[in-house]
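J.: Dumping the structure here so I can ask a few things about it.
What follows draws every value from the coordinates through simple rules; no lab data is involved. Quantities reported herein were computed from a predicted structural model and do not represent experimental measurements.
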């Protein structure tokens, strides 16, 4: 599972986690490998993970951005970590996450507590659209 940290937080040093995320990550880690994909700096991401004492839950943190689109970043990440796109569930909060994932044949879980509205996310037809971290756990338990 790949989690996206929104580009709107790129320069933020005070990234707050949505309630229930830490419990979700702990539960998911029991059966899945979890990574972070972000155009934010790796240093800021690592500082945030350490602040919440959850850095051990992640297999990797991949920081990259491309003027050619997030789909290229997803493809590069999969190549770097030898991950097949069909083995990935990408969790994102923006419509462009869904669009990019579809271009590289990666399933998406769009979360409604981020920067795009539920309606905007729905228009891009993610594989799943969730309103709470618990729903992610439900989805993953069926995969």
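J.: Using just the alpha carbons, could you tell me how many Å³ per residue the convex hull of the chain encloses?
T.: Here the figure is 103 Å³ per residue.
J.: Using Cα pairs under 8 angstrom and six or more residues apart, how large is the relative contact order of the chain, in percent? Don't jump to the answer; show the numbers that get you there.
T.: Values: 217 pairs, mean separation 33.0, N = 143.
After rounding, I find 23 percent.
J.: Now, a different point. So what is the relative contact order for segment 72-126, in percent, with contacts set as C-alpha pairs under 8 Å and at least six apart?
T.: Values: 67 pairs, mean separation 18.7, N = 55.
It comes to 34 percent, rounded to a whole number.
J.: State the extension gain, in nm to one decimal, for the chain segment bounded by residue 47 and residue 65, taking 0.36 nm per residue of separation less the distance between their alpha-carbons.
T.: Here the segment from residue 47 to residue 65 would lengthen by 4.6 nm.
J.: Which value does Rg/Rh take for segment 79-120 over its C-alpha atoms, Rh per Kirkwood?
T.: Looking at segment 79-120, the ratio lands at 1.02.
J.: Give me the Å³ per residue figure for the convex hull around the C-alpha atoms of segment 18-93.
T.: 103
J.: Can you check what the Kirkwood hydrodynamic radius comes to for segment 68-143, Cα pairs only, in Å to one decimal?
T.: 12.6
J.: Could I ask something else about it? Run the helix sum for the chain: -39,500 (n - 2.57) per DSSP H stretch of 4+ residues, divided by residue count, reported at 222 nm to the nearest 500 deg cm²/dmol.
T.: About -10500 deg cm²/dmol.
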